[in-house]
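Okay, structure first, notes after.
The values are calculated or read from the model by the stated rules, or taken from the named source; none is laboratory data. Because the structure is predicted, anything quoted here is derived from the model rather than measured. Cβ coordinates were reconstructed from backbone atoms using ideal geometry, including for glycine residues, and neighbour counts include every protein chain displayed.
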Amino acid sequence: MSVDFLKLAVQGVQGLQPYVPGKPVEELERELGISNIVKLASNENPLGPSPKVQEAIAKVLPELTRYPDGNGFRLKQKLADKHQVELNQITLGNGSNDVLEIIARAFANQGSEIIFSQYSFAVYPIVTQAVGAKAVEVPARNYAHDLEAMAQAVTDKTKLIFLANPNNPTGTWFDTQAFERFLQAVPERVLVVMDEAYIEYVTQEGFLDSMDYLEQYPNLIVSRTFSKAYGLAALRVGYAVSHPQVADVLNRVRQPFNVNSLALEAAVAALEDQDYVRASVEANAKGMVQICSGLEALGLSWIPSVGNFVCVDMGRPAGPLYQALLQKGVIVRPVGNYGMPNHLRVSIGTEQENEIFLKALAEVV
């Protein structure tokens, strides 16, 4: 072949490496020929889908030959009621990852700068490089966002700042006072993207809800997902809430059918089933105690987390331990690609899954 197609790609894409998701159960079954595998790698809801969601999906199956509602009216109406915003402030996405990419494509390009924290979600540098912008990674403080340093990193080329609260993969968070100081320090021309994919799992009283700041700060965009506490990871549906003018820009870039019909119906049903969400949060809180108590008994330390996962410091390169756990049918997530080669991220599973993980971990360490 005489053509190098990689060289034909735009410059930002040429240097990208594909995102590596958590290892699927089916892949490990094929590789090792084992069954009864426990997957605690992708921060999924271990309770299984809500019965109300399953009923809603079943009702729309006969309409699979029809295109989805490109505007997602019913879901937008539910979200507008929930967050006390207008429909024209909402942008729907094929998961919140899609929303983050839409934001980058709409507002940044070559010559722009995008700021994010060290040890934050891998999608931020990926979308930054894909649109040809310059990535400005600000060193973390104790694995958490250093908001003061991030505000100081703003230049006349800065277009976007990605924040995650709680943060993935560390589980760290920042409080209301720090966030308010940050917003006051950032110029209004710089868009602040608040990624709150895990906020439903937080049980702390008075935890920061950035939706409360949308009216005061027109440059704020809040991103959320149905993949975690709502248990819809396979259907890929997320959303952003922002100033109407910002949402108008995002919806010009958004593909008209980026959220499928099953996902739209499932998300509406999920919003109506708050009992399921409460059960998910309660199970997660109990599982967090179970996991952390087991880690303490093994003499291991971890980064305090308010998400549905915990990042464990193995005290040595974690790659071999990850492989050893795979051999025992337990899938967790190595985070060496985040610059944390000694850590493993473990999702909170069911009580039985957590116990299986802790038993396997005790055997490999």
Just to be sure before I move on: is Glu86 free of Cβ contacts under 8 Å to residues at least 60 places away in the same chain and either of a type outside the set (A, V, I, L, M, F, W, C) or on the phi > 0 side of the Ramachandran plot (or both) in the structure I sent? no
Which of the residues spanning segment 20-29 are surrounded by 10 or more Cβ atoms within 10 Å (Cβ to Cβ), of a type in the set (D, E, K, R) and either at pLDDT 75 or above or in contact with a Ser or Thr (Cβ under 7 Å, 6 or more places away or on another chain) (or both)? Glu27, Glu29
Qualifying positions in segment 183-213 - among the aromatic types (Phe, Trp, Tyr) and not in a loop (DSSP other than H, G, I, E, B): Tyr201, Tyr213
Looking only at segment 209-255, count every residue that is under 28 Å from Ser42 (Cα atoms) and not β-branched (Val, Ile, Thr) and tell me the total. 24
Can you name the residue in segment 76-124 that is modelled with pLDDT under 95 and surrounded by fewer than 19 Cβ atoms within 10 Å (Cβ to Cβ) and, of all such residues, is farthest from Val259 (Cα to Cα)? Gly111
Could you tell me which of the residues Gly294, Gly349, Gly339 is surrounded by 14 or more Cβ atoms within 10 Å (Cβ to Cβ), under 20 Å from the mean Cα position of the chain (by Cα) and in contact (Cβ under 8 Å) with a residue 24 or more places away in the chain? Gly349
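Table: residues versus (1) of a type in the set (Asp, Glu); (2) in contact (Cβ under 8 Å) with a residue 40 or more places away in the chain; (3) more than 17 Å from Ile90 (Cβ to Cβ).
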{"site": "Glu215", "(1), (2), (3)": "yes, no, no"}
{"site": "Arg224", "(1), (2), (3)": "no, yes, no"}
{"site": "Val237", "(1), (2), (3)": "no, yes, no"}
{"site": "Val253", "(1), (2), (3)": "no, yes, no"}
{"site": "Glu272", "(1), (2), (3)": "yes, yes, yes"}
Would you say Gly307 is of a type outside the set (Val, Ile, Thr), modelled with pLDDT of 95 or more and surrounded by 20 or more Cβ atoms within 10 Å (Cβ to Cβ)? yes
Is segment 123-138 home to any residue that is under 15 Å from Gly339 (Cβ atoms) and in a loop (DSSP other than H, G, I, E, B)? no
Are there any helices (runs of 4 or more DSSP H) wholly within segment 247-364 with 1 or more residues that are closer than 30 Å to Gly72 by Cβ, and if so which? 261-272, 274-297
Return the pair list, or none, for Cβ contacts closer than 6 Å from residues in segment 34-48 that are assigned by TED's automatic domain parsing to the domain that holds Val335 and farther than 12 Å from Tyr201 by Cβ to residues that are in a loop (DSSP other than H, G, I, E, B) and hydrophobic (A, V, I, L, M, F, W, C), at least 6 apart or on different chains. Leu40/Val332; Ala41/Val332
